[in-house]
Amino acid sequence: MNSPTYRIARIFLFGLCIASAGCAVNPRRTPSEEVRAAHTAEGEATAAAMQARFDAVLDSDPLNASCDGPRTPVFLCSGILLRGTGKFSEAYHAWNPNPNSTKPGGVSFSFLRRDASYIKLAYGYNHGFTVWPVFHLPQGKFEMEVLCYFPMDGATDLRSDAGCGPHRDHPTESVPCQQKDPPILTGAAWLADYNDAPAGTSKRDQSCGFTMVSGTSNSAALFKEAMHVQHLYRGAFFESQDEAIIATWETGLEKTIPLESFIFLAGTDGHLDSKGDQNDFYVTSKGIWRPIIRVTLPREPNGEAHFEYHESDQAIP
């Protein structure tokens with residue numbers, strides 16, 4: 001039964017089986033295929049998580065369950081904290097604080113949720129990155145602290161105290177909201193103060209930001225009031241993104257930075273810059289891969305946004 005003729009027959013029959021798909025063969029994946037499959041799974045999970053946080057507008061939403069205290073604003077557990085960035089450059093890393101910033105101690109982000117939405121990114125950027133909310137941090141990533149929040153772009157490059165203090169041209173009118181006399185504690189009061197700026201002057205430059213430093217009294221209610229401004233102003237603020245100032249972090253922390261994803265706006269060429277950022281981060285971090293997520297911003301206040309993972313958008317699939 002082990003003659004040369006028998007062995008030849010077995011080889012012939014096996015080849016015939018493969019050619020005719022008459023027997024089940026499960027080829028083993030190569031390492032590169034396994035990595036690609038893992039990246040796809042992680043990218044799709046990231047996009048789904050971002051979508052869920054964007055849509056989590058109700059206090060009863062499970063994502064907001066941990067933000068049930070007076071000092072736990074919803075940005076700790078839901079929504080998207082994102083930073084738009086300029087063109088990809090090998091001269092600096094997009095995830096690091098801007099070395100040329102005029103507000104040392106603070107880095108500008110925006111907060112995006114269905115009830116705090118906008119139609120564009122700061123400066124018309126078409127790409128950037130997101131960071132995980134504090135209450136959803138993976139193990140080993142450091143917490144980023146939100147210092148203050150402006151219902152619309154606060155011209156923070158010209159403000160003191162890491163961007164949270166008074167504007168240099170309006171040192172009295174633009175102090176933090178809780179420091180005003182009387183304090184600004186509601187969205188309606190903020191809007192009235194905003195509209196009280198003298199004719200011919202900049203309302204934005206004279207606006208106040210809400211202090212959000214960890215431990216701030218009633219910060220949860222204050223943040224909700226700040227988000228409510230957009231609705232009080234009948235969507236006018238939809239044309240301008242809000243602004244959250246996050247405390248500056250050190251450079252060279254690629255292993256521990258809570259970088260959730262690189263993003264770009266659908267319908268733009270921002271994916272080209274995002275690919276550069278993704279590859280740069282992968283190389284600099286010595287192998288940490290973060291997905292590129294395609295983002296479609298809402299077209300109207302309270303409108304839908306979409307977060308999608310596509311393998312074709314990745315520099316490293």
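The values are calculated or read from the model by the stated rules, or taken from the named source; none is laboratory data. Bear in mind that the values here come from a model prediction, so they are computed numbers and not experimental data. Neighbour counts run over all protein chains shown; Cβ positions are idealised from the backbone, glycine included. Remember, those area values only see protein heavy atoms, side chains included, never the ligands or the DNA or RNA. Shrake-Rupley method; radii C 1.70, N 1.55, O 1.52, S 1.80 Å.
Quick look at the numbers
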item	result
Residue within region 252-270 that is part of a loop (DSSP other than H, G, I, E, B), in contact with a Pro (Cβ under 9 Å, 6 or more places away or on another chain) and not hydrophobic (A, V, I, L, M, F, W, C) present	yes
Any hit, region 183-205, residues being in contact with a His (Cβ under 6 Å, 6 or more places away or on another chain) and open to solvent by 10 Å² or more (accessible area, probe 1.4 Å)	yes
Scope region 67-95; condition within 19 Å of Gln51 (Cβ to Cβ) and in a loop (DSSP other than H, G, I, E, B); matching residues	Cys67, Cys77, Ser78, Gly79
Neighbours by Cβ (under 6 Å, 6+ apart or cross-chain): first from region 229-255, under 19 Å from Asp157 (Cβ atoms) and at pLDDT 90 or above; second of a type in the set (Ser, Thr, Tyr) and part of a loop (DSSP other than H, G, I, E, B)	Gln241/Tyr118
In region 70-93, the residues that are buried (at least 24 other Cβ atoms within 10 Å of the Cβ), closer than 13 Å to Ser274 by Cβ and touching a helix residue (DSSP H, G or I) at 6+ places or on another chain (Cβ under 6 Å)	none
Test result for Gly105, surrounded by fewer than 16 Cβ atoms within 10 Å (Cβ to Cβ) and out of contact with any Cys (no Cβ under 7 Å at 6 or more places or on another chain)	yes
Leading residue by the ranking (least open to solvent (accessible area, probe 1.4 Å)) among those in region 108-127 that are outside any loop (DSSP other than H, G, I, E, B) and polar (S, T, N, Q)	Ser110
Condition check for Gly303: at pLDDT below 95, of a type in the set (Gly, Ala, Ser) and open to solvent by less than 40 Å² (accessible area, probe 1.4 Å)	yes
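Residues checked against (1) charged (D, E, K, R); (2) more than 18 Å from Ile293 (Cβ to Cβ):
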site: Ala38; (1), (2): no, no
site: Asp59; (1), (2): yes, yes
site: Leu63; (1), (2): no, no
site: Pro73; (1), (2): no, yes
site: Gly79; (1), (2): no, no
site: Lys87; (1), (2): yes, yes
site: Trp95; (1), (2): no, no
site: Arg113; (1), (2): yes, no
site: Gly124; (1), (2): no, yes
